[in-house]
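Colleague: To start, I am sharing the structure in question, which I have written as structure tokens.
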Amino acid sequence: MALVRVISSDGAAFLVSQRLAKRSGKLKTEIETFRKSSDNSEAQPEIRIVTIRAEILRLVLQWLQQHQNDPVLPANQNEQDGRGDAEMGQSQWDRDFLAPMDLGIVMELILAANHLEVKGLLDITCKLVESKITGRTVDEIRTAFKLKSDFKGNEEEQTRLENRWCVEN
Amino acid sequence: MAHQSFKNRNYCLSSESELEETIDEDEMSLGVRKRSSFPASRTHDSSYLETFSIHGSASESSGVTTDAHFDSHPLLNSLVAYNVMTYLPRKDLLRCRLVCTAWDTEACRLLRKVLLLEFQDICHISKFKRLMDDNLVRKPNREVPFAKIYLRSTFRLGHDIAQDFFKTHGHFIKQLQIAKVGCDCGANFFQKLLFYQTTNITSLDLQIISSPIRLSPVSEYPKYLRIKTPKRLSSKWRLPNLKQLHLRHQLFLERPRFIDDLLEAVINLEVLKTDEASPLFCQNVFVPRVLSSRNRWNKLKRLLVGDMLYFTNAQMIKFAEMKFHLEFLPLNFNILVPSLECVDVKNLKVLLVSLQDHLKKLELFNHRPDLPVDLRTFPHMKKLESLKVTNIKFPFVSLQELPNLKLLSVVHEDTSMKNSIFSLKIPPHPVLNSVGLCPMVALNLSHLRDWMAYWDLNAKTYVNELANAFPSLRTLSINGNDSVLKNIYEKMPMLETLTIHGPITDEGITGISLELCQRMHSDQDYGLMDSDDLDQLRFIGDLKKIRKITIVSMGNRSLLTEVSVFLGFVCCADLITLDIGNRELVELWKAEVERLRGSSKTS
């Protein structure tokens, strides 16, 4: 079983089978570059992911493991296709997987899935956050995401005006 | 912070047994239930992740880290926001603009793709211009969501206000659709508009013009013609950003010079498309126009007339010489129009070879099943993901040359079924063994229509070979009978979509012998079978992930009864679409599923 060592930003190392790691677009390219650059084909590749901390990386790997037999979704699908897949991919396992997480973790997972190019995980996490946005008022969104309005002067009013124009049509 | 406690520690794997143990522990600690439908054997032998014995659940440690990560990361905000917003409908996107400036920027980026502004008349555009003036002119760098503009038939392009708008704000426009424009404006103006004011335009849709741009009075025509001469084609006259061009096909016939000029100007074209037109148009007008263009579009990815393309033999050769980088080629040939010549396989191959490095999607459609087209071998195409061939002898051995193929459809419309049934001749079997492991996800093999006699004898080996050759198969469409179906339950438990053409009976769906099924049907008693015995049988519910089932009987009449519904389809938990050619049964299935759901909720 060929392994690869994936190291998180805070130094925790995960030993993962290459077959599993290759389900992430990013890790796949990294492993291939490593193979090309190293003379010893037996050497164990080591990949450092500087943007993802151990806890998040572990969740990503766990998700990959659960979905290791799913077909890989092409990352460059156009948007309409992408939306369809999100509906498709949501299984009971995924729901249980995401249930205990708070918004901050989910956000980090989105970033990680985006960085590691794991389309399926990106889909389900984005869907989750999306459900917190659809149908809410601006103030509700701000509270939910702990954001403050940083518009200057009448900028917000201007945007409202522009929006009204879009809706009228 | 919680995550720092395991800093600089390595988690390594020491033995197989320990590995499984730690994984189990881990899953328990997270409170994650293993999906019951997930075959246990797969989880164990197909290997695997590492050992990680990090303790503590996700929710515990997250509480500590959230705030710090959230606010201190502006990148996190906008990147996450963009990713999430791709899933939002337009209405919510507009609302997101109001949350904060970072979100506004991201929402605008997306809105530019999805928002189409419709202008009905001058009044609209003058209002819109005022809005733009208030905002944009003062802050030219601000992102705005307005990039796509659709001018309705009531819109008069020649009006001063409209001209003024396009002169001052034309550079905002990325995509322009025009319907029935130009009742009062000449081609000269139209050209100026395109060439000077809207140089950022990436997509131009003139497909829906129903009365073409009226040319200026004849006296001005020579002026317009002069633009065509090479001397006059300075870089100014180019549309370097235009990537998509959709044209109504009559424009080619009615305004050939306009089209010529347009095709000259679009140097970086990626998509050239006209609406539905005849194959003759394709052969005599469209393809020659493309081939004679001085632009050697090396970014061209799609070239379409309607949703097809037709070449003569000579054109195929010439097209191959042009070395386009097409990604999608929907080629039709042997079309039933008397004056069109038949395809020469040799030329077809030359064409395919010229595109072998770029094609991602290929469709070959032979319109005359009586004229056999045999490809024998297939060129190596490393990027090809989707291949559909109709009425063509497909060399299965060539699947080796297509390492990235995910979708294959081989269809024969030929009804030679009769012959083979009467002669009982079994056709040679495609050599699937030689294919090796394919990443194939979807497979449509309706060419096996005439193998009726073959199924009974060889169903097992046939399905076995398919399952071995395409381990990642999720969508399958084949012909078969009950015994093929039963083998599918065993060999392909991961299927999500199944279409099967053939005489499928209750026995195939439920696994219960046909005789007993018929008794259940006539007695309306579905408990005739012992439940322990039922558990032993392979049936449709073994496909744990199945979402869509289509069953087409060879005749038009469905052979299934409600027995299949009660003892078969209702057991497929994820099934969404059922099409078995019998509406009453489908309604029954829906009602039954609703009923079961209701009762499980109350209990």
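The values are calculated or read from the model by the stated rules, or taken from the named source; none is laboratory data. Quick caveat, the model's predicted, so the values are computed rather than measured. Cβ sites come from the backbone with ideal geometry, for glycine too, and all protein chains shown count toward neighbours.
Colleague: Within region B:352-372, is there a residue that is part of a strand (DSSP E or B) and in contact with a helix residue (DSSP H, G or I) (Cβ under 6 Å, 6 or more places away or on another chain)?
Modeller: no
Colleague: Checking the structure you have, find out if any residue of region A:27-45 is within 12 Å of chain B (Cβ to nearest Cβ), at pLDDT below 85 and surrounded by fewer than 19 Cβ atoms within 10 Å (Cβ to Cβ).
Modeller: Looking through region A:27-45, at least one residue is within 12 Å of chain B (Cβ to nearest Cβ), at pLDDT below 85 and surrounded by fewer than 19 Cβ atoms within 10 Å (Cβ to Cβ).
Colleague: Conditions first: (1) surrounded by fewer than 20 Cβ atoms within 10 Å (Cβ to Cβ); (2) touching a Leu at 6+ places or on another chain (Cβ under 6 Å); (3) within 11 Å of another protein chain (Cβ to nearest Cβ); (4) not β-branched (Val, Ile, Thr). A:Ala2 passes all but one, so which condition is the exception?
Modeller: (2)
Colleague: For residues that are over 36 Å from the mean Cα position of the chain (by Cα) and without any contact (Cβ under 8 Å) to a residue 40 or more places away in the chain, tally how many sit in region B:107-127.
Modeller: 5
Colleague: Can you report the number of residues in region A:111-159 which are assigned to a helix (DSSP H, G or I) and at the interface with another protein chain (Cβ under 7 Å from one of its Cβ atoms)? So that I can check it myself, show each step before the final result.
Modeller: So in region A:111-159, the residues assigned to a helix (DSSP H, G or I) come out as A:111-116, A:119-131, A:138-145, A:155-159.
Then drop every residue that is not at the interface with another protein chain (Cβ under 7 Å from one of its Cβ atoms), which leaves A:111, A:114, A:122, A:126-127, A:129-130, A:138, A:141-142, A:156, A:158-159.
Final tally of qualifying residues: 13.
Colleague: So, of the residues in region B:222-253 that are at pLDDT 70 or above and assigned to a helix (DSSP H, G or I), which turns out to be surrounded by the fewest Cβ atoms within 10 Å (Cβ to Cβ)?
Modeller: B:Leu253
Colleague: Search region B:390-412 for residues being among the β-branched types (Val, Ile, Thr) and in contact with an Asp or Glu (Cβ under 8 Å, 6 or more places away or on another chain), and hand back the single one that is surrounded by the most Cβ atoms within 10 Å (Cβ to Cβ).
Modeller: B:Ile392
Colleague: Would you check if A:Val16 is touching an Asp or Glu at 6+ places or on another chain (Cβ under 6 Å), modelled with pLDDT of 85 or more and either surrounded by 15 or more Cβ atoms within 10 Å (Cβ to Cβ) or closer than 23 Å to A:Asp94 by Cα (or both)? Even if it seems obvious, please write down each step before you answer.
Modeller: Working: touching an Asp or Glu at 6+ places or on another chain (Cβ under 6 Å): yes; modelled with pLDDT of 85 or more: yes; either surrounded by 15 or more Cβ atoms within 10 Å (Cβ to Cβ) or closer than 23 Å to A:Asp94 by Cα (or both): yes.
Yes: the conditions hold for A:Val16.
Colleague: Which residues, taken from region B:316-327, are under 14 Å from B:Leu359 (Cβ atoms) and either of a type in the set (Asp, Glu) or surrounded by fewer than 18 Cβ atoms within 10 Å (Cβ to Cβ) (or both)?
Modeller: B:Lys323, B:His325, B:Glu327
Colleague: Specify the residue that is surrounded by the most Cβ atoms within 10 Å (Cβ to Cβ); the eligible residues are those in region B:300-315 that are farther than 14 Å from B:His249 by Cα and out of contact with any Phe, Trp or Tyr (no Cβ under 9 Å at 6 or more places or on another chain). Before the answer, list the steps.
Modeller: Residues of region B:300-315 farther than 14 Å from B:His249 by Cα: B:300-302, B:310-315.
From what is left, the residues that are out of contact with any Phe, Trp or Tyr (no Cβ under 9 Å at 6 or more places or on another chain) are B:312-315.
Details: B:Thr312: 21, B:Asn313: 17, B:Ala314: 12, B:Gln315: 18.
Here the answer is B:Thr312.
Colleague: Quick check on this structure: which one of A:Leu161, A:Leu121 is in the same structural domain as A:His67 (by TED's automatic domain parsing) and in contact with a Leu (Cβ under 9 Å, 6 or more places away or on another chain)? Explain how you work it out, then say what you get.
Modeller: Working: A:Leu161 fails: in the same structural domain as A:His67 (by TED's automatic domain parsing).
Residue meeting the stated conditions: A:Leu121.
Colleague: Could I ask something else about it? Could we say that B:Val343 is surrounded by 15 or more Cβ atoms within 10 Å (Cβ to Cβ), within 26 Å of B:Leu375 (Cβ to Cβ) and modelled with pLDDT under 85 here?
Modeller: Judged against the criteria, B:Val343 is a match.
Colleague: The conditions are (1) at pLDDT below 75; (2) facing chain A (nearest Cβ under 10 Å), and B:Arg152 fails exactly one of them. Which is it?
Modeller: Exception for B:Arg152: condition (2).
Colleague: Do any helices (runs of 4 or more DSSP H) entirely within region B:508-603 hold 2 or more residues that are among the small types (Gly, Ala, Ser) and modelled with pLDDT under 80, and if so, which?
Modeller: Passing ranges, in order: B:583-602.
Conditions (1) under 23 Å from A:Glu30 (Cα atoms); (2) touching an Asp or Glu at 6+ places or on another chain (Cβ under 7 Å), marked per residue:
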residue	(1), (2)
A:Asp102	no, no
A:Ala113	yes, no
A:Gly120	yes, yes
A:Thr125	no, no
A:Val129	no, no
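Conditions tested, residue by residue: (1) buried (at least 18 other Cβ atoms within 10 Å of the Cβ); (2) under 22 Å from B:Met529 (Cβ atoms); (3) aliphatic (A, V, I, L, M).
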position	(1), (2), (3)
B:Ala467	yes, no, yes
B:Pro471	no, no, no
B:Leu476	yes, no, yes
B:Leu485	yes, yes, yes
B:Thr499	no, no, no
B:Thr510	yes, yes, no
B:Leu516	no, yes, yes
